[in-house]
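Report on the following structure.
Bear in mind these aren't lab numbers, they're just calculated from the coordinates by the rules spelled out. Everything quoted here is computed from the prediction, not taken from an experiment. Cβ placement follows ideal geometry from the backbone for every residue including glycine, while neighbour counts extend to all protein chains displayed.
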């Protein structure tokens, strides 16, 4: 089977969040199963791209309204990714420092999708299936089905994987001229709530849909950011497949990014040594329980609650815990969290930005990982935490509900129901009481480390979906 994954991100080439991890790991596992897997993303200015060698396999111009943008398709010459990596280079649109966040993002990713199809129609060996990821590539099924230029691809099935339904890629009909010539009788397919909605178009036109956890599929049918009715209409061709994690990269026994390697058998020693290094780095007391947060600092992740949560948790005289935050995002949230450092020095610290090395050390050295997400389509951080013997404290939503079972129900995590400071404080208090029971903590850590969250089951479910829609 020849599988193409087309996405805005792919680890380790270009990463903002979990989308990159999923695309990179899923592709690698499918390739190891014996399939020809190609990953196509834009050519950004990332360190990976600068440090690796590529060859040009195609070049042309992509039309976008009245503009023509030269582009080239680059193929990775040597890498250790296990899959074939292709980059679409459109210098005027993608030679920038960031992946997202520009006023012309619609133009950027529309050009990326059209350039991809312009290249693909010249390739003799057509893919067995194209797996599109999120709204950045969700217009592809429409263009394949209804644009005259791409009629040669009409029989290639497409699957849309929804990683996050909050971001839908909406834009006005004033940009309709960006589209290739298509069957005008199909214009209604583009319309959702008075505008063109990339996600809605993909849901309607893809042969099948997957979400990144079963519970998230259920949730978006009644809380789908304005698209509940459409998610219900396409439920017949949808399936929730729980993401996995790369257990080779995320392995405390071999991880070169942590201070001391360990297994479930000696996790108390291993975590203690990593905690000592982590606390020394951030001026925290290693004798106290350490609660950490890793993620994007946006309200959807509950990051706007962290400031008040930290102040209330550390307002007591004895300050019986430490709090460490790693992330970036909303400027106001970043500033609020940073301002607390001087007030709670010795018990609190924050690292604004993202560091893959630091993230690994935090998973290895912290006692608890806090995830107060308002929405979490799957969540990978809780799985990483388990892998390193760190106990997740999560709001029961989306994939967190699929993966974290509360201590009181025989599980290895602490769950709460509302994305509120009050519920977070109650969960924190439970964690601190539990922390005092040393033997139970060690047993729970070991049980969490032995949970199986690998991609093995998930990638097989994807292959089953591919086979169903091909038949």
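List of remarks:
- Contact order, relative form, for the chain: 12 percent (alpha carbon pairs under 8 Å, 6 or more residues apart, mean separation divided by residue count).
- Once the C-beta distance of residue 407 and residue 236 is scaled by a Förster radius of 41 Å, the resulting FRET efficiency is 0.60 to the nearest 0.05.
- Per-residue extension of 0.36 nm, minus the Cα-Cα distance of residue 257 and residue 176, leaves a gain of 24.4 nm for this segment.
- Relative packing of peptides 449-455, 297-303 - highest average C-beta neighbours within 10 Å first: 297-303, 449-455
- Two-site FRET efficiency, residue 184 against residue 451, from Cβ-Cβ distance with R₀ of 60 Å, rounded to 0.05: 0.70
- Compared with the dominant Cα axis of the chain, that is its longest principal axis, helix 105-120 is turned about 60°.
- The slack between residue 281 and residue 469, meaning 0.36 nm per residue of separation minus the straight C-alpha distance, is 62.5 nm.
- Using the average count of surrounding beta-carbon atoms within 10 Å as a protection proxy, the listed peptides 194-202, 57-65 rank, highest first, as 194-202, 57-65.
- Pairwise label distance in nanometres, residue 418 with residue 1, each label 7 Å out on the Cα-Cβ vector: 4.5
- Placing a label point 7 Å from the Cα of residue 191 along the Cα-to-Cβ line, the residues of the stretch 218-258 whose backbone N sits under 20 Å from it are 226-231, 233-234.
- Spin-label pair residue 342-residue 149: with each label point 7 Å from Cα along the Cα-Cβ axis, the two points sit 5.6 nm from one another.
- Counting 0.36 nm for each residue step from residue 247 to residue 316 and taking away their Cα separation leaves a gain of 20.9 nm.
- Here is how the number arises for the chain: DSSP H runs of 4 or more residues each give -39500 (n - 2.57), the sum is divided by the residue count, and the result at 222 nm is -10500 deg cm²/dmol.
- For peptides 422-433, 170-181, sequence by mean Cβ density within 10 Å, most packed first: 422-433, 170-181
- Spin-label pair residue 331/residue 266, simplified geometry with 7 Å Cα→Cβ offset, distance in nm: 4.9
- Cα-based helix-to-principal-axis angle, 356-365 vs the chain, degrees rounded to 10: 30
- Between 0 and 90 degrees, the angle of helix 456-470 with respect to the longest Cα principal axis of the chain falls at about 20 degrees.
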